[in-house]
1. Return the residue satisfying two criteria in turn: it lies in region A:283-297 and is more than 11 Å from residue A:143 (Cβ to Cβ) and open to solvent by less than 10 Å² (accessible area, probe 1.4 Å), and of such residues it is nearest to the other protein chains (Cβ to nearest Cβ).
2. Going through region B:341-377 one residue at a time, which ones are of a type in the set (Ser, Thr, Tyr) and in contact with a Phe, Trp or Tyr (Cβ under 8 Å, 6 or more places away or on another chain)?
3. Give all pairs with beta carbons closer than 6 Å in which a residue from region B:9-20 that is on the phi < 0 side of the Ramachandran plot and in a helix (DSSP H, G or I) meets a residue that is among the charged types (D, E, K, R) and buried (at least 20 other Cβ atoms within 10 Å of the Cβ); count only pairs at least 6 apart in sequence or on separate chains.
4. Can you tell me which residues in region A:209-233 are more than 10 Å from chain B (Cβ to nearest Cβ), open to solvent by less than 10 Å² (accessible area, probe 1.4 Å) and not aliphatic (A, V, I, L, M)?
5. Looking at residue C:319, is it within 12 Å of chain B (Cβ to nearest Cβ) and either in contact with a Pro (Cβ under 6 Å, 6 or more places away or on another chain) or surrounded by fewer than 24 Cβ atoms within 10 Å (Cβ to Cβ) (or both)?
6. Filter region D:29-65 down to the residues that are in contact with a helix residue (DSSP H, G or I) (Cβ under 8 Å, 6 or more places away or on another chain), in a strand (DSSP E or B), open to solvent by less than 50 Å² (accessible area, probe 1.4 Å) and under 30 Å from residue A:51 (Cα atoms) and list them by number.
7. Here are some residues: A:323, A:319. Which one is assigned to a loop (DSSP other than H, G, I, E, B), in contact with a Gly (Cβ under 7 Å, 6 or more places away or on another chain) and not assigned by TED's automatic domain parsing to the domain that holds residue A:107?
8. So which residues in region A:326-378 are closer than 18 Å to residue A:203 by Cα, outside any loop (DSSP other than H, G, I, E, B) and not aliphatic (A, V, I, L, M), if there are any at all?
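The values are calculated or read from the model by the stated rules, or taken from the named source; none is laboratory data. Bear in mind that the values here come from a model prediction, so they are computed numbers and not experimental data. Note that we place each Cβ from the backbone using ideal geometry, even for glycine, and neighbour counts take in every protein chain shown. Please note that ligands, DNA and RNA were not included when accessible areas were found on the heavy atoms of the full protein model with its side chains. Shrake-Rupley method; radii C 1.70, N 1.55, O 1.52, S 1.80 Å.
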There are 4 protein chains.
Amino acid sequence: MRRLGVGMIGYAFMGAAHSQAWRTAPHVFDLPLDPEMVVLCGRDGEAAKAAAQRLGWGEAQTVWRTLIGRDDVQLIDVCTPGDSHAEIAIAALDAGQHVLCEKPLANTVAEAEAMAAAAARASEHGVRSMIGFNYRRVPAIALARQLVPRLGRLRHVRATYLQDWLVDPAFPLTWRLEREHAGSGALGDLGAHIVDLAQYLTGELVTGVSGLTTTFVGERPRPDGTGQGPVTVDDATLFTARLGPGIVASFEATRFASGRKNGLRIELNGEHGSLAFDLERLNELEFHDHTQDAQTAGFRRILVTEPTDPYVSAWWPPGHVLGWEHTFTHEVADLVNAISAGADPAPSFADGLQVQRVLDAVQDSAEHESRWTAVTAA
Amino acid sequence: MRRLGVGMIGYAFMGAAHSQAWRTAPHVFDLPLDPEMVVLCGRDGEAAKAAAQRLGWGEAQTVWRTLIGRDDVQLIDVCTPGDSHAEIAIAALDAGQHVLCEKPLANTVAEAEAMAAAAARASEHGVRSMIGFNYRRVPAIALARQLVPRLGRLRHVRATYLQDWLVDPAFPLTWRLEREHAGSGALGDLGAHIVDLAQYLTGELVTGVSGLTTTFVGERPRPDGTGQGPVTVDDATLFTARLGPGIVASFEATRFASGRKNGLRIELNGEHGSLAFDLERLNELEFHDHTQDAQTAGFRRILVTEPTDPYVSAWWPPGHVLGWEHTFTHEVADLVNAISAGADPAPSFADGLQVQRVLDAVQDSAEHESRWTAVTAA
Amino acid sequence: MRRLGVGMIGYAFMGAAHSQAWRTAPHVFDLPLDPEMVVLCGRDGEAAKAAAQRLGWGEAQTVWRTLIGRDDVQLIDVCTPGDSHAEIAIAALDAGQHVLCEKPLANTVAEAEAMAAAAARASEHGVRSMIGFNYRRVPAIALARQLVPRLGRLRHVRATYLQDWLVDPAFPLTWRLEREHAGSGALGDLGAHIVDLAQYLTGELVTGVSGLTTTFVGERPRPDGTGQGPVTVDDATLFTARLGPGIVASFEATRFASGRKNGLRIELNGEHGSLAFDLERLNELEFHDHTQDAQTAGFRRILVTEPTDPYVSAWWPPGHVLGWEHTFTHEVADLVNAISAGADPAPSFADGLQVQRVLDAVQDSAEHESRWTAVTAA
Amino acid sequence: MRRLGVGMIGYAFMGAAHSQAWRTAPHVFDLPLDPEMVVLCGRDGEAAKAAAQRLGWGEAQTVWRTLIGRDDVQLIDVCTPGDSHAEIAIAALDAGQHVLCEKPLANTVAEAEAMAAAAARASEHGVRSMIGFNYRRVPAIALARQLVPRLGRLRHVRATYLQDWLVDPAFPLTWRLEREHAGSGALGDLGAHIVDLAQYLTGELVTGVSGLTTTFVGERPRPDGTGQGPVTVDDATLFTARLGPGIVASFEATRFASGRKNGLRIELNGEHGSLAFDLERLNELEFHDHTQDAQTAGFRRILVTEPTDPYVSAWWPPGHVLGWEHTFTHEVADLVNAISAGADPAPSFADGLQVQRVLDAVQDSAEHESRWTAVTAA
């Protein structure tokens, strides 16, 4: 079987999750190419070496540019913070390497546009790119996508992504709370996921938004012990939106919802039914079929572990649930299949750019008294 | 025991619920006055007579003004559509009769202001008034109010009121879908409840909003069979808001959420904990105590049926649940107690006016591209 | 309309619930007879008088025999402890008065047999009797009964009734914990309900059982302060059973399940589907349709508040939930309808006897090392 | 780091799960030994070779005895049907190889006793053995074990393991439905898990049982198309039991509970609280603290994904849920740690034998009219 050399840049939370995916996918799915975990790259040499060994990579490097154009690396997996995505991804694509890039695509629309353009150019030469909106690969979400046509004309999307890790004002001022590194706070980190899911599930684009952002705790202790520093991103963002011709939607992303750990919830209401999903119970999908007689209608809890469900046949028998990390295994499997088939995988950099435009419009609206702000299609 | 003669105007859905409350309260609670169901009033004589008999009222009248100032009627219970609230309530108050008025207080802020002014004048002469935001009297909501201080500084309110009775485009064009009678659609009917609950539970007022309204089905069949007529109210309304010094909130009211029958849900997140409530499970309250160790923390499902819970000791042993109608029984019991004690009951007409101002601001914002619209305190 | 004079004996917990039912039923349902709450009877004269006034009865008596055969009392409602059921009910039936008798029918099979015989005799003269297994009148249970045929051949019943009010060893030794008054403990009080529901829902009778009983706390403080006294009933009873030709069942009744307040849960599994019910969420029924495609099958949460649901059209619109007490209102409404129609209502005293035989067999099995014990049909 | 050569016998469902565990554990946990997946063994040479390649094993063999005593294989992982466990495991132990054996330990008590004896002998020479009751390694179960002391004196265990894959009578007669291969049906396959969990969580042994077994569908089509053949194992088994000095318990294992896919549920009630777990939601644990004030007490849903929870720190941040297969990764990690530390891991073969005795007693009781049957400690 033809090999596919992979080089991964960044090895923190996302890097560990991607590594588990690269290690596992070939043993679970029938892949047409054989992924080889060639090299891991991180700035701290010792740490990178330890990570490579622990996570199963063949070698460690400290300068990402050394991975670009390497003969034995056909795919670059970008797991760094958002401010370096554009530079790395564009370099790799231009060098003819496929790219898997973590979300959000970039910290600014301008960067995202450049990336989408590079991806489009590369695609003409058979070089593929994908953005890591991994929640599209939760089996329950993929099943929901299949069921959406049964909802008929869509009316409502209701999406929240609730976490609580910033509730304590003593939590330190990490790079995620600084605009120059993170671009934004809850908006980009959490909001990006729910905007993508809303667009993916409905098959419609956000056309306009009205946003509201807030920073509850304005100063936090610097990690280096040099006193307090200013938080320059949003702690929470709420926005209303319109999608396609007739859907109204509400979105909320926050790191201050005490007790909600990973509360990505999305509900769709259509004239013939509804769907609801909660990431904390990711093996389940709730489905209401409004065409059934009222007496026995109701939201049914579907345990999405049947062999006929998306991705599930590769795993275990009914009722044997999957976890969060499996979304990445599905992601790399789909990516490898697309590369082998000579097709562009989804979600594309253009999809990532579209999400970025929505986030940008939300920010803009929030800075202008929540006034309605149009979003143009990418 | 001193009697309290009651006259009720209107006898449809709300009238039936209020009647059940007046019949039941004296047998369940120790009331200081003895309510007597003197007279029911409705425009159709035959129907009013039948309703009076069925619902347990002593007599029936067809002209509401005949109830005003009657010696044997000390309290007027207003269960009519919103466009007649102001005229009836003000007449009764000016005649020295206590008033219980269904929500929303009125169809316009101007009417609501006149009503609040009349209520203030009347109060100086010992005449009491109350607006029927009955959900304050769900035991779980009343318990939530008691627990709010344990949440510490509040950050988020998340409130929806989801119904689905308009999903079918063949549903007829009733008065509730015409602005001249109903004032607004989901906004006034459902939104009023969640705005009141948000303000009641947090103890803070809404200071500004950004709104979005939509009408999914623009025309519906007239009930008299004369073809289609225009729907002139909102089918759904979404808005973001700020309350008090630092709370951000999202609200949604809709009649198009397939499968959601009475989906009034409200969640509060504070720095020390969270509370969540769902009207479809009204005997339950979810409470997360964020000050406990993380390993055993989580949302606990409190079954609010303990004798120490608000209102519950009058009813049944633990685990024997109450229903929706009990909120009205609690409402009239509290009202009778307040009258006897010479105190103004809550929620007041001023509270109803404040909610009206919020709804008005939402409407105004929605008509001006969702721009941020301030709400002044009543 | 013809009146139906009612006399109620006993006025504690059950008496209060029945009173609420008699007060309410005529105002909610279209009854063919007009129930009149003539007389309440209790041994303590002052207390009975106060109860009569509070609960809405015309007068109070202290000797139950004075109600038997009274011209103005056509129906005797028996709400006393089980040891007096037989004497009162038989006297009333023999005097030509209809009888509503609380469960369990009696404390012994012999008494229950005598009562069933009296009921059969009385029925020949148009005198009706009913045992108060009120949970048959939960709308969700009545709906479940309608849906059972859709389950196909039944395989499993799984029923528990879990409470926790005896967990504290300092809870006093009330009459409910003494065999001479209560007959048994959790078995008769809670087990009776789930045995009746299992037989009612499946349409099959229990044919044999294997039982296990236990008393966790053997001594408790006497209420009169004279030290500790022995608990002579079961704190918890578990049993397995067979129903009809091929159903296996498990039952558990306990007062020691910390945190379970009124945890009556029953699940039925058939070859074409399943049903599940929980009394703490009594407006809901869970239904799994196994004939649907596996991908969208799952337990659906039916909110049993549709106008087409049993009893519901008399009450409120969809989503406006009912409470525990409504079961009694439904019970007396059905009883009044049966009396007017000249039909024997269900559940009958014979049904109550059958349940008694099952409980007796459980006790017998438990006293003989859980050996299988057959139950003969009543 | 010292290597630990592993040979796995059997490569079906359990073999795939174990392989995923061996591949993953070294990359997630800090293991003191380096497991090497040396050889997979299966009777069909071609299939075994394909499986070895797919699952990540170095080579394939067809005769299990060739793995016994191999220098490069220090640990034998037994994933075959129950009728070969004893022979393989004893041979390996006697050859000085550590053994991980899938549950149930054996098909008969006699075999299990021989295995436990072999394990005891081997332990004296530093050779370790473990039975694969993997659900002990669900983080929520491990956390429950830690919380059990907070429940005080235990009163109740309520355990079910509900599946539905045999509901269809056309499902073929596989080896799992033949007594000579499988030993028993639902009893050994599902019942073994819940008996082990009950004993593990309470820290008490089952001392006696009363059992009931049933076979709903007596004949099924043979897989080879030669007509119908008899089902010789139980489709469902129910039993009551006593544990330790004062706990009563109910158990049910079935493959006929329509809609229940992997419904392993266990609840413990003690005088100071309760715990409840459901394998279909394996990242959650419900905990009721009965010592808290009644007004805010209730079952709390603990999301067992905190870094302080058992096994979790090796994985992802709070709210990022794990799946069913992770239990095996935890299992092999604990086993490797025990081997390195020179300690006997749990659960031991003696634990497996004890479970086998309970299952045996249930079978015996069921064959003797459910009479109470004592279980002696292993």
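1. A:288
2. Keep residues of region B:341-377 that are of a type in the set (Ser, Thr, Tyr), which gives B:348, B:365, B:370, B:373, B:376.
The answer is B:365, B:370.
3. Sorted first by the residue in region B:9-20, then by its partner, the pairs are B:14/B:102; B:17/B:325; B:18/B:77; B:20/B:325.
4. Answer for region A:209-233, where residues must be more than 10 Å from chain B (Cβ to nearest Cβ), open to solvent by less than 10 Å² (accessible area, probe 1.4 Å) and not aliphatic (A, V, I, L, M): A:220, A:229.
5. Working: within 12 Å of chain B (Cβ to nearest Cβ): yes; either in contact with a Pro (Cβ under 6 Å, 6 or more places away or on another chain) or surrounded by fewer than 24 Cβ atoms within 10 Å (Cβ to Cβ) (or both): yes.
For residue C:319, the condition - within 12 Å of chain B (Cβ to nearest Cβ) and either in contact with a Pro (Cβ under 6 Å, 6 or more places away or on another chain) or surrounded by fewer than 24 Cβ atoms within 10 Å (Cβ to Cβ) (or both) - is met.
6. Residues satisfying the conditions are D:35, D:37, D:39, D:40.
7. Values: A:319 fails: in contact with a Gly (Cβ under 7 Å, 6 or more places away or on another chain).
Being assigned to a loop (DSSP other than H, G, I, E, B), in contact with a Gly (Cβ under 7 Å, 6 or more places away or on another chain) and not assigned by TED's automatic domain parsing to the domain that holds residue A:107 holds for just one of A:323, A:319, which is A:323.
8. A:349, A:351, A:352, A:354, A:356, A:357
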